[in-house]
Amino acid sequence: MSEVLAEIRAVSRHFEAPPALTDWLLRMAGRAKPKRRLQAVSDVSLQIARGEALGLVGESGCGKSTLGRMIAGILAPSQGEVFVEGKPVLAPSGRKLTTRVQMVFQDPFTSLNPRLRVGEQIGEGPLAHGLVARADLPTYISRWLGAVGLRPEHASRYPHQFSGGQRQRVAIARALAMQPAVLVCDEPVASLDVSVQAQIINLLLSLKRDLGLTMLFISHDLGVVRHLCDRIAVMYLGRIVEIGDAEAVCTSPRHPYTRALLGCRPRLNLDGAPQSTPPIVGELPSAFDPPAGCPFSSRCANVGSLCRDQAPSLRLNEPRRQVACYYPV
Amino acid sequence: MTLGLFWREFRRNTVAVAALAVVLLAITGALLAPLLAPQNPYDLASIDLSDARRPPGSVGSEGQVYLLGTDAQGRDLFSAILYGLRISIGIALLAGTVAVLIGSTLGLLAAFLRGISEAAIMRLVDLQLSVPAILMSMVLLAMFGPGQLQLVCALALAQYAYFARTMHGAASVERSKAYVEAALATPLPARRVVLRHILPNCLPPLIVVATMQIASAIGLEATLSFLGLGLPPTEPSLGTLIANGYQFLLSGRYWISIYPGIALITLIVSVNLVGDQVRDQLNPRLQR
Amino acid sequence: MTASLLSVRDLTVHFPTDTGVLRAVDGVSFDLASGEILGIVGESGSGKSATGSAILGLIDATGSRVGGSVRFEGRELVGLPNARMREIRGQSISMIFQDPGMALNPVLTIGRQLDLVLRAHKQLPRSAARSACIDALRRVGLSRPEERLVAYPHQLSGGQRQRVAIAAALMHRPKLIIADEPTTALDVSTQAQILAEMRARIAQDGSALIWISHDLAVVSSLSPRIAVMYAGRLVEEGPTAIVLRKPRHPYTRGLLDSLLGEAKPGTELTPIPGTPATAADAGCSFAPRCRRADDACRIAPPLTREGAVSYRCHHPLASAAA
């Protein structure tokens, strides 16, 4: 069994509206209003092994980005802890303690500082953390630019002089230059054109192969995740509902939501005959007011009596597959 | 955007270029006042009371030509205007610089710290902004007493709030962008993120507000001097000169007020025109 | 040949930029029959959105110029004064945008906005107008339509907002609907629902539909006819079944190869090198990225028709290739 590089233990995160003057006044008058709380992530536990690419899939509002940020040390969990290489990622004060987990963001247009040269942005972190001596910095930067398919002379250019795909390469180089043990990618190809997406997916595949990169790949696109990842975790309303080997989850899903999600994907229809993709019924419940019990109970075709009472926890369905469902498919 | 590109685009607006020329002329005149002015208006020994209230172009008791006439004390108006420009521009620039420094620091801090600190700082700024600048500076001057240094302090304190507001707005926007998140996530120390990442991206709106505020500071100082506050009558700024000549306006000796007035208006309008062009060019919509 | 509902000939859209004129749409021609569905596919810079906007006269950037001909039911739309165009918009031709924020006013309630759309072309007494709005919302699959009438756009989810926008677009049962990436910003499950609903409505109302998207899979599952755009030109057009099985243009082939659908997981994909371009000054705009390009491609390829398919390429892929 491979060494576990990232461990996420019972992590939860909620958001509340920031305190407003009116709330304080109401409280003084004795008429405090209960605060609306958004439970973005509920009780998630994960392990990522060395060299593994774990895909985190879900639709908007499922909490995958929030979870990704907690793993990368950008956001502190409300409960639970995240460990990378056995050490906690965040101090109790909220300060990030380790550089061994880095993140690549979704939008290549805002994730780079428009006023700093690309080389400076790549070299800044490693220099500040002593990963490279100042004298060796130019060579170091060139090395990482080359690793993502760019040329050394690109280091002196500004972000606006690059295309979207190239900017994303720079963002990947910046993260890799910190030599992280775990790379968290938050929808890195979602904003790119189709032909450019394929280029970046190829890049990530080769980096995984050549550097033995350990990755958490967050996406709403099951197709991309299936192509890139070894294991897939499916999230719905802040909970992981299914986790298992990528191929297995995509060919034989066990959770009703996973099955519905797979069924919803528009497939390339070479026959041109209008295909009716079976949609899921209903709308996504508000994260402020999730259904009691299983989060998917309001839309599930298989819903049973147990489902509305208590949310099912992840349980072993078959070797290497866990499903949070009382009546798995 | 480099200075070269900036200048090339600036050049295309002839009005702005003319305004810039006027501003530069005023600054040069102010700097070189001791050399250009035929008379030192502060040197009481060089002023001849018998030459008081002479019209423009007249010749004085010692044969010197008073280009723009003299005022009630016999001061050559041309020299007085040059020295007055010196004081006006100097005070406005100094007060503006101090205001920018105080305001930007507060705005940056508020945007970065968020939470209670942000609320406290910005409420203070809001409070300040609700008081008209002229009123604020008058109250401050009453507390500080007259003098150039006191005037600079009063103007700076009356103006910092605009910069704080602008900087807070810009910094808040940048703070929530992904590149700042990325920098903090490396993790890079907070001071470095604020100074090297957030601040440079907040400069364009700050520069625009600064140019506008300089014009406003010039006008503010002139108003205060006109009202007799701030500067002693022996070191007249443009506003004082206008005030001194006020009583003579209707008796035909218009030049004592009008020429300093023209100089003041020309200066303020030119600074505003330059500021307009700078603002249009730094418009974020045109930036990549 | 049956009379076309929409006939586009050599449509051009030019935008002035600092570096010269940008030919966003560079000579696009196609026909659309009544009740027919056409899918226009392209990446960024292909001009697909500009084509849709130009048909409805919605290009209004300063200095922009629209040229060519767009005939709707025999009537020329290019150059039509805005007052005449307003009678057509919403009634005969409707548009659905990618961002429902563009179509919905954040300070008006849903009911008020639908009412405005209704009153633009029809006068009804208050109660009849209200039930027409409720009916419109119900027909796009919005639950509790009476409640939605008094809600504001920000109180609805993205999917619900898009449904309202579709309801507004379909209110007067237009003969032609132009949908510009309407499901791109939505979740897969919402997208699936809206696709199913649109298919049903179109079949019911008999409207023609132009579906613009970058997503080949979505377009292929919706429309039997597909047009591929690159750098402002239509590079290939024809029945979906033929174009996607045996593409003639290298770009179409490249797009299909970039997709993940059939590739074995973990294998390298074959992307098109480089980035999507805008219209070239001379010659084929795709040549810089094309493996088959040579000197002949310095001249813009003419339109070639082969049965139901038409394409622009000097070196098309062999028709026997799968």
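Some observations on this one:
- 3J(HN,Hα) along the stretch C:19-28: 9, x, 8, 9, 8, 5, 10, 10, x, 9 Hz, from the Karplus curve 6.51 cos²θ - 1.76 cosθ + 1.60 with θ = phi - 60°, whole Hz, x for Gly and Pro.
- Using the Cβ-Cβ distance between C:Asp99 and A:Ser93 with R0 set to 41 Å, the FRET efficiency from 1/(1 + (r/R0)^6) comes to roughly 0.55.
- Across the stretch C:152-159, coupling constants 3J(HN,Hα) worked out from phi with the 6.51/-1.76/1.60 Karplus curve, θ = phi - 60°, read 9, x, 5, 8, 10, 6, x, x Hz, and Gly and Pro carry x.
- Expected 222 nm ellipticity per residue - DSSP helices of 4 or more, -39500 (n - 2.57), all of chain A, to 500: -8000 deg cm²/dmol
- Karplus-derived HN-Hα couplings along the stretch B:11-21 (A = 6.51, B = -1.76, C = 1.60, θ = phi - 60°), whole Hz, x at Gly and Pro: 4, 5, 9, 5, 4, 5, 5, 4, 4, 4, 4
- Take each residue in C:182-189, count the other chain C-beta atoms within 10 Å of its C-beta, and the mean is 5.
- For C:Ile177, distant residues with modelled amide H under 5 Å away: C:Ser94, C:Ala208, C:Leu209, C:Ile210
- For chain C, the Kirkwood estimate of the hydrodynamic radius, built from every pair of different alpha carbons, is 20.8 Å.
- Å³ per residue enclosed by the Cα convex hull of the protein assembly as shown: 241 Å³
- Chain C: most fluctuating residue of C:Gly111, C:Gly261, C:Gly35 per GNM, C-alpha cutoff 10 Å: C:Gly261
- Residue exposure proxy: A:Ser252, C:Ser310, ordered by other Cβ atoms within 10 angstrom of their Cβ from fewest to most, comes out as A:Ser252, C:Ser310.
- C-alpha long axis of helix B:77-113 to longest principal axis of chain B, angle in °: 10 degrees
- For the stretch B:27-75, a crude dipole built from +1 on the beta carbon of Lys and Arg and -1 on the beta carbon of Asp and Glu, taken about the Cα centre, is about 140 debye to the nearest 20.
- Computed over the stretch A:106-181, the quotient of the alpha carbon radius of gyration and 2.2 N^0.38 Å is 0.99.
- Rounded to the nearest 10 degrees, the inclination of helix C:126-139 to the longest alpha-carbon principal axis of chain C is 40 degrees.
- Sorting A:Leu213, B:Leu155, C:Leu195 from the fewest to the most surrounding beta carbons within 10 angstrom yields A:Leu213, C:Leu195, B:Leu155.
- Using a Förster distance of 30 Å, the FRET efficiency for C:Ser34-C:Ala120 (Cβ separation, nearest 0.05): 0.80
- With helices as the sole contributors, chain C gives -9000 deg cm²/dmol at 222 nm; each DSSP H run of n ≥ 4 counts as -39500 (n - 2.57), and the sum is divided by every residue.
- Taking a straight Cα-Cα cut-off under 29 Å and skipping sequence neighbours fewer than 8 places away in the same chain, the lysines within cross-link reach of C:Lys175 are C:Lys48, C:Lys122.
- The stretch B:223-245 and the stretch A:307-326 have their alpha-carbon centroids 83 Å apart.
- Magnitude of the charge dipole for the stretch A:215-295, about its Cα centre and with charges confined to Cβ atoms of Lys, Arg (+1) and Asp, Glu (-1), is about 80 debye.
- Sequence-separation-based contact order of the stretch C:25-167, relative, with Cα cut under 8 Å and 6+ spacing, percent: 19 percent
- DSSP bridge pairs, the protein assembly as shown: antiparallel proportion in percent, nearest 5: 60 percent
- Percent of C-alpha pairs per 10 Å bin, chain A, short to long: 5, 23, 30, 23, 13, 4, 0
- Under the criterion of Cα pairs below 8 Å and six or more residues apart, the relative contact order for chain B equals 23 percent.
- When only the Cβ of Lys, Arg, Asp and Glu is charged (+1, +1, -1, -1), the dipole of the stretch C:1-129 relative to its Cα centre reaches about 540 debye.
- Positive-end extreme of charge dipole, the stretch C:204-322 - chosen from C:Cys290, C:His314, C:Val219 (charges on Cβ): C:His314
- GNM result for chain A, Cα springs below 10 Å: residue of A:Pro88, A:Pro180, A:Pro34 fluctuating most strongly: A:Pro34
- The ranking of A:Tyr140, B:Tyr246 from fewest to most other beta carbons within 10 Å of each one's beta carbon is B:Tyr246, A:Tyr140.
- For the stretch C:173-292, the convex hull drawn through the C-alpha positions has a volume of 140 cubic angstrom per residue.
- Whole-angstrom gap from the stretch A:85-150 to the stretch B:49-110, using each part's C-alpha centre: 54 Å
- Three-way shape call for the stretch B:86-148 based on the alpha-carbon gyration tensor, with the a/c threshold at 1.5: oblate
Any read-out appearing in this document is the output of simple, stated calculations on the displayed coordinates, not a laboratory observation. Keep in mind that what you see is a predicted model, and the values were worked out from it rather than measured. As a convention, Cβ positions derive from the backbone with ideal geometry for all residues, glycine included, and neighbour counts pool all protein chains shown.
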